[in-house]
């Protein structure tokens, strides 16, 4: 019998937990007791789900680690941000695996959904192996399935997003069970037999996006300086067959401003300094000051105080 | 009567000259006397054209400036490279305009096809105005139509490439004549009323490409260091809806390694330092050393001396 626990109920974990619980007993676990209290009342403060979305689900929300003892599938969706030195902060992942090493039983499965740099999932797998006396991909199973959730984008609902799933086991029964579980999440699963490849794929998706937005931001700024119509420039350039049209803007969220530092961290550990990967970060970080500066000069010039929103959308 | 002169008969100028000369008297002018001697014999050393392509054309090749005295349309296709300090080298453009200031007559038209940074075409237009006593866009006409030729790519023949054409005149007759001339070059002309916008559009097309290839090069190198299958990573990442698949490789040619420096030059003049725009340059310049290094270790390991080509294509 499949009993699932989802660790971390943020914008990644909650949609997964609600999807799994359509069919399987699911414990939604989070250390944030306030969040759990609200979820127990069918309230999602992230406003991604309505009260009705919690109905008819086999879900139980908890902050108590004892409540997940019966689970055999652990889906890790905890945050993996960067610290003040812009290095990966894996502390939430560490806490989850530290709890798991005591809970894990023979034949259990751990699936990491959090963004990590290549090598992290297996590093934690080895940690479990060392501390539980269970052998990886023999006694317990390790998988990586990077989240691709696009918060706030209603055109990209979870089920419609193609999902990568990687596991290094050849156990056919296990793979079948995983397929049964994950088909509740996405219509199309792309399998990989190599976890590091999936970990890399995840970060480069966001790195490419961050970099390209940065380029458009830089072009926006230089057009502004030279008094050239940015939109017209993009209209013209877009007539080239291989030009990729991207909107400039403020880059926020949990992924884009973070993922370049994840890849650069592992690269640094391997004595290779990434240049292009990190190049977008400085430009995109500068954008908020640029927007603020433009806003100030605009309001001053026009003696307007309240049209922030109109100006903001007009610019971006 | 329309008489055309094409300045510079490289990979940009020659195809244009051959296209124009299907219908209009055209002088193909180049200071390279050896090139002219060959072209007179219907030989294109760039191997883009066969002898038969020169047949039934109203074309005359020359290195003698006196031969273009009857022309009234001057199409400037001279090289605009960078110098040793990686700054724009506009010397060929300067020479062309220096010759033009003595040749230009009332109602003549100058069309720049060379890649420049925003502002350059009008800067040279003002130079003509100052030295010829003819008024820009009144007595003579100034246009910018950036070349988008893709040397060696047979799927992108000149006529099939959409072409930007910008001129700041409102003279309807002149615009009609331009349309008659340029429809020989491209099936689709995109008009712009602002030269600086077209100049910017041209450089950003190539900057974007250079930057994205650099990112893929960097990912290729880090995958290699971490012993991760690059092709598999790209296969996985490509399943995301907004991932842009690009081939890593050596970046050469006349545009990609040059254009980032053109935009950064004008940006520097305007006291704004470009970061993202230039980020690809270092990575792409490093690639030849990387390929060489990999090649050496491959041949050493496999004791192979002649399989260069196979290895090279396998890697890229």
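The values are calculated or read from the model by the stated rules, or taken from the named source; none is laboratory data. As the structure is a prediction and not an experimental result, all values here were calculated from the model. Counting neighbours? That spans all protein chains shown, and the Cβs are built from the backbone with ideal geometry, glycine included.
At a glance:
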quantity: Selection count where residues are touching a strand residue (DSSP E or B) at 6+ places or on another chain (Cβ under 9 Å), assigned to a helix (DSSP H, G or I) and more than 12 Å from residue B:72 (Cα to Cα), scope segment B:101-143; calculated: 9
quantity: Pick from segment A:255-287, criterion assigned to a helix (DSSP H, G or I) and more than 10 Å from chain B (Cβ to nearest Cβ), ranking: farthest from residue B:221 (Cα to Cα); calculated: A:287
quantity: Residue list for segment B:288-309, restricted to those being modelled with pLDDT under 80 and either within 27 Å of residue B:149 (Cα to Cα) or not in a helix (DSSP H, G or I) (or both); calculated: B:303, B:304, B:305, B:306, B:307, B:309
quantity: Helices (runs of 4 or more DSSP H) lying entirely in segment B:144-254 (those with 3 or more residues that are out of contact with any strand residue (DSSP E or B) (no Cβ under 6 Å at 6 or more places or on another chain), closer than 30 Å to residue A:269 by Cβ and at the interface with chain A (Cβ under 10 Å from one of its Cβ atoms)); calculated: B:195-226, B:230-237
quantity: Check on residue A:125, touching a residue at least 40 places away in the same chain (Cβ under 8 Å) and either closer than 20 Å to residue B:232 by Cβ or in the same structural domain as residue A:75 (by TED's automatic domain parsing) (or both); calculated: no
quantity: Residue match in segment B:223-241 (condition: assigned by TED's automatic domain parsing to the domain that holds residue B:278, touching a residue at least 60 places away in the same chain (Cβ under 8 Å), over 25 Å from residue B:140 (Cβ atoms) and surrounded by 20 or more Cβ atoms within 10 Å (Cβ to Cβ)); calculated: no
quantity: Total residues in segment A:32-57, condition in a loop (DSSP other than H, G, I, E, B) and touching a strand residue (DSSP E or B) at 6+ places or on another chain (Cβ under 9 Å); calculated: 1
